[in-house]
Amino acid sequence: MTTVPQNHLSSKNAAAADTKNLSTSTLYQLLQNCIVPASSANAKFANWSKTFHCVPLMVFEPSDIDQCRLIFQLARREGKTVRIVGEGLSPSDLACTSDFMLRTNRLNKLRVVDPEKQFVVCDGGIKLEDLERELATHQLALRNLGSISMQAMGGVITTATHGTGIEFKVLGDDVLSLSLLLADGTLVYCSRRENEELFKATLCGMGSTGLVISVQIRVEPAFRLRESQETRPFDDILENLHEIVHQAQHVRLWWYPQNKSVRVCSADRTTEPEQPDVNARGFLPVFLTHHLVEFFLFLARFLPFLAFYIARYVAWMESAPKVVVGESGSILRTDCRFAQHTTEWAIPYERTKECLLYLREWLEQEPYTTDGTYPHFPIELRFSAPDDIWLSPAYGRRTCWIGIIQFKPYGLPVRYQELFRRFETIMTSFSGRPHWAKPHSLGPAQLRPLYPHFDDFVRVVERVDPHGMFRNECVRRHIFGEQGSAVDPRVYKLYRP
């Protein structure tokens, strides 16, 4: 199976050579329609949680591969890097740049639908929520989803975005093949059968191998999920963790340490009719679980101890058992509540109990230590099967993903850095691997022992992008070990501590 016919690739690559003969002024003229005016709000970038922002030298919004190739030629001519950005969901500086930014929001089409062979081909810039909507018209669905569907497909597969389910791998594992535009303007096809190294480097490659033009991804007939939710004591979860994780196809845990309880969400495929959560609708539930919570989180910026009682309140509000049946996306997605700082780590599944015990002891003491922070809620636990993607945090092992958050009420800054540093120290002590889209401090010296193919990844990146056109500060810092003020993540912080 191929995403792009080989003769089409050949003709496109022949056209690539023509761009080298164009003058710089001609390149700018040809790109005029996809250059975002400096006066436009879109000429500046901020991620979804408004924790990082940048003002690129120039922002492009191409609508076809020819324009993308011209942008790359211009970047090579002027010695600029190109950062490829989808919807900007990453809560780190992964998408930030001071050079050229290429937004993929106009590369957003569903190209091929094959219900019989159960795959589709889509552009790398299509948003998951738009893809889901189009798939539904063909009675198809993605096999699994992460917590949100606002991301672009290219961002999903190049950061090892994951859902939950101990028998389900990261979403990128469902990719069958890719077409990729390299730094020199060459369009290449890759899969597990052809250009396999490039394929495995691009999946979870943080955009450092090239621009994902098209994606061939596995789908299945549309399905409904029956999700049951119940709240159980933390000690009960520890004692029965293995059984709980395996009791359904998709199991997610929300841990409220402040209340010593865990919300267990278990979902299985079903043929039952839809059964919506009627109690979540209306003004009063939204006011009590959203607006009131955000207001008290705002007060907790001045009275930090309030965060403890807010967490207990939310745990109590959500403690009643409930059953919901709905189309797959409505069950797999979750409400992220508010803008937030977040970090997430992937540890070996077999060490989950040990890690949770250590975390409980730490969290009980954290607010009362020097520079301590009252943590927000909940701590989320998800699970996935091992995969073979080189830089996937779930590479080669069953995985428990553990994420913590600090909400930003009304978008305002909150304390989080020392909390996250201590959390990172604990996670690394349990062989944790960081989620690539989320902030962490590891460099190649720490990452190399965690990823058997780390050096293979670097070798492939250097081969397909020898001049580093796709390497922004985040990639240079974490993958290539650059240090100093030029690659410091605080360069792009909206509020600098």
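Structure notes:
- Odd one out for residue 380 among (1) in a strand (DSSP E or B); (2) more than 17 Å from residue 162 (Cβ to Cβ): (2)
- Scanning region 442-497 for residues that are in a loop (DSSP other than H, G, I, E, B), more than 22 Å from residue 196 (Cα to Cα) and small (Gly, Ala, Ser) returns 443, 481, 484.
- Comparison of 215, 188 shows that the only residue that is among the β-branched types (Val, Ile, Thr), farther than 25 Å from residue 326 by Cβ, over 22 Å from the mean Cα position of the chain (by Cα) and not in a loop (DSSP other than H, G, I, E, B) is 188.
- Residue list for region 72-104, restricted to those being more than 17 Å from residue 474 (Cα to Cα) and crowded, with 24+ Cβ neighbours inside 10 Å: 72, 103, 104
- Odd one out for residue 406 among (1) assigned to a loop (DSSP other than H, G, I, E, B); (2) in contact (Cβ under 8 Å) with a residue 12 or more places away in the chain; (3) among the polar types (S, T, N, Q): (1)
- Lone qualifier among 448, 433, 459, 398 - being more than 20 Å from residue 49 (Cα to Cα), touching a residue at least 60 places away in the same chain (Cβ under 8 Å) and over 18 Å from the mean Cα position of the chain (by Cα): 398
- Residue 456 surrounded by 14 or more Cβ atoms within 10 Å (Cβ to Cβ), at pLDDT 95 or above and touching a strand residue (DSSP E or B) at 6+ places or on another chain (Cβ under 8 Å): no
- Selection within region 291-308 - in contact (Cβ under 8 Å) with a residue 40 or more places away in the chain and over 16 Å from residue 416 (Cα atoms): 293, 294, 295
- Candidate set from region 128-145 (those that are touching a residue at least 60 places away in the same chain (Cβ under 8 Å) and touching a Leu at 6+ places or on another chain (Cβ under 9 Å)); member that is surrounded by the most Cβ atoms within 10 Å (Cβ to Cβ): 145
- Which numbered condition residue 445 fails, given (1) over 25 Å from residue 75 (Cα atoms); (2) surrounded by 15 or more Cβ atoms within 10 Å (Cβ to Cβ); (3) out of contact with any helix residue (DSSP H, G or I) (no Cβ under 8 Å at 6 or more places or on another chain); (4) of a type in the set (A, V, I, L, M): (2)
- Residue list for region 193-212, restricted to those being of a type in the set (Ser, Thr, Tyr), assigned to a loop (DSSP other than H, G, I, E, B) and under 17 Å from the mean Cα position of the chain (by Cα): 208
- Restricted to strands (runs of 3 or more DSSP E) entirely inside region 51-114, those with at least 1 residues that are farther than 22 Å from residue 40 by Cα and not acidic (Asp, Glu) are 110-114.
- Comparison of 301, 263, 269 shows that the only residue that is loosely packed, with under 15 Cβ neighbours inside 10 Å and of a type in the set (Lys, Arg) is 269.
- Region 269-304: number of residues that are of a type in the set (D, E, K, R), in a helix (DSSP H, G or I) and under 27 Å from residue 165 (Cβ atoms): 0
- Any pair with Cβ under 8 angstrom, 6 or more apart, that starts in region 207-229 at a residue that is closer than 19 Å to residue 90 by Cβ and ends at one that is among the basic types (Lys, Arg) and outside any strand (DSSP E or B): 208/471
- Residue within region 93-105 that is closer than 28 Å to residue 403 by Cβ and either modelled with pLDDT under 95 or among the acidic types (Asp, Glu) (or both) present: yes
- Residue 358 meets all of the listed conditions (1) part of a helix (DSSP H, G or I); (2) buried (at least 23 other Cβ atoms within 10 Å of the Cβ); (3) of a type in the set (Ser, Thr, Tyr) but one, namely (2).
- Only a single criterion out of (1) out of contact with any Asp or Glu (no Cβ under 8 Å at 6 or more places or on another chain); (2) modelled with pLDDT of 95 or more; (3) more than 30 Å from residue 77 (Cα to Cα) is not satisfied by residue 148, namely (2).
- Scoring residue 159 on the criteria (1) under 26 Å from residue 251 (Cα atoms); (2) surrounded by fewer than 24 Cβ atoms within 10 Å (Cβ to Cβ) leaves a single failure, condition (2).
This table checks each residue for (1) touching a helix residue (DSSP H, G or I) at 6+ places or on another chain (Cβ under 7 Å); (2) buried (at least 16 other Cβ atoms within 10 Å of the Cβ).
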| site | (1), (2) |
| --- | --- |
| 257 | yes, yes |
| 280 | no, no |
| 293 | yes, yes |
| 317 | yes, no |
| 321 | no, no |
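The values are calculated or read from the model by the stated rules, or taken from the named source; none is laboratory data. No experiment lies behind these values; they were computed from the predicted model shown. Here Cβ is always computed from backbone atoms with ideal geometry, including for glycine, and neighbour counts include all displayed protein chains.
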